[in-house]
Amino acid sequence: MDSKYTFALRKIALLRGIEDYVVLSSRELGDALEMSQQSASKRILELLDEKLIIRDLGARKQRIKLTQKGVDELKQEYSEYRRIFEVSDQITLHGVVSEGMGEGGYYICQVGYMTQFEEKLGFRPFEGTLNIIVDREDAGKLDLIRSAPGETIYGFTQEGRTFGRAIAHKAKIRNIDCAIVMPDRSHYENVIEIVCQYHLRRTLSIGNGDRVEIKVKV
């Protein structure tokens, strides 16, 4: 995307234009972008044309908000900057152990998945997942992990049922090899599912509410 659009989106986001509409005249945007009111008015129209913002012209005041497309563009830029300034070869996540939905074991033990895990991760997972609620401060790192290549675990069809694709990212908890599995279709936003050859709750003597640190390879 054109950097001039990203710059404008960033300024609108800093005014809280992600969470809700913000009152913003073309003159105010021009001051923020260090350009004339006329140029700022044109920039707003360009952002509208690109479907990066939406606008409400009611009550004699212009209100602007980023669209999901606009938010996604900023997230992409955020991920790229983090790669430049923060990321070496791993990302550290912090969170607490959580009770899952009880479906992890069923999916993990499917032969179509298990074979791929052994081949690509180097271990045969215990038939279950460890669910971690990622700290709010680290939630932004999940987008960075999702943008990393990882190991593709392909979907398949078995007995008339379709099992979806996922991306596995190798990781460690207390020097124990494991992997974060991120399905294409997930019920969670800030919860990660971890597979390991060991029963992690027993091996690490952890339970619901306990804090853990996960080092993810990228």
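Set the Förster radius R0 to 35 Å, insert the Cβ-Cβ distance between Glu213 and Glu77 as r into 1/(1 + (r/R0)^6), and round the FRET efficiency to 0.05.
Numbers: r = 27 Å, r/R0 = 0.78.
The value I calculate is 0.80.
Here the chain is assigned +1 on the Cβ of each Lys and Arg and -1 on the Cβ of each Asp and Glu. Its dipole about the Cα centre then comes out at about 400 debye.
Here the Gaussian network model covers the chain, with springs between Cα atoms less than 10 Å apart; of Lys42, Lys65, Lys141, Lys42 fluctuates the most. Based on DSSP H segments of at least four residues, each scored -39500 (n - 2.57), the chain has a per-residue ellipticity at 222 nm of -11000 deg cm²/dmol. Extension gain for the segment Phe156 to Asp31, taken as residue separation times 0.36 nm less the Cα-Cα distance, is 39.6 nm to one decimal.
Debye-formula intensities of the chain, expressed as log10 I(q)/I(0) at q = 0.09, 0.12, 0.13, 0.17 Å⁻¹, are -0.50, -0.74, -0.81, -1.08 (one equal scatterer per alpha-carbon, no solvent).
Rounded to a whole number, what is D in µm²/s for region 4-51 from Stokes-Einstein with the Kirkwood radius over alpha-carbon pairs (4 °C, 1.567 mPa s)? Don't jump to the answer; show the numbers that get you there.
On the way: Rh = 10.6 Å.
D, rounded to a whole number, is 122 µm²/s.
The Cβ shell under 14 Å around Cys196 holds other residues with a net charge of +3, Lys and Arg each +1, Asp and Glu each -1. For region 93-218, the normalised intensity computed at q = 0.09, 0.14, 0.17, 0.20 Å⁻¹ comes to -0.22, -0.55, -0.84, -1.19 (log10 of I(q)/I(0), Debye sum over alpha carbons, equal scatterers, no solvent). Each label point was placed 7 Å from the Cα along the Cα-to-Cβ direction; for Phe163 and Asp135 their separation is 3.5 nm.
For the chain, modelled as a GNM with alpha-carbon contacts under 10 angstrom, which of Leu14, Leu52, Leu144 fluctuates the most? Largest GNM mean-square fluctuation: Leu14.
The lysine pair tally for the chain, using Cα distances under 18 Å and a gap of 8 or more places or different chains, is 29. Between Ile108, Ile132, Ile84, the GNM of the chain built on Cα springs shorter than 10 angstrom shows Ile84 fluctuating the most. Take every Cα pair under 8 Å whose residues are at least 6 apart in sequence, average their separation, divide by the length of region 3-85, and the relative contact order is 32 percent.
Placing one equal scatterer on every Cα of region 135-200 and applying the Debye formula, the log10 ratio I(q)/I(0) at q = 0.16, 0.24, 0.26 Å⁻¹ is -0.62, -1.17, -1.26.
Using the Cβ-Cβ distance between Ile54 and Ser98 with R0 set to 41 Å, the FRET efficiency from 1/(1 + (r/R0)^6) comes to roughly 0.70.
Between Ser39 and Arg146, what's the calculated FRET efficiency when r is the beta-carbon distance and R0 is 30 Å? Round to 0.05. Mind showing how you got there, number by number?
Details: r = 36 Å, r/R0 = 1.19.
E(calc), rounded to 0.05, equals 0.25.
Among Ser36, Gly70, Gly122, pick out the residue whose Cα is farthest towards the positive end of the charge dipole of the chain, where Lys and Arg carry +1 and Asp and Glu carry -1 on C-beta, about the Cα centre. So the residue we want is Ser36.
Sorting the segments 153-161, 26-34 by their mean number of nearby beta carbons within 10 angstrom, highest to lowest, gives 26-34, 153-161.
Computed from the coordinates by the stated procedures, all read-outs in this text should not be read as laboratory data. Just so it is clear, the model here is predicted, and its values are computed rather than measured. Virtual Cβ from ideal backbone geometry, glycine too; neighbours counted across all protein chains shown.
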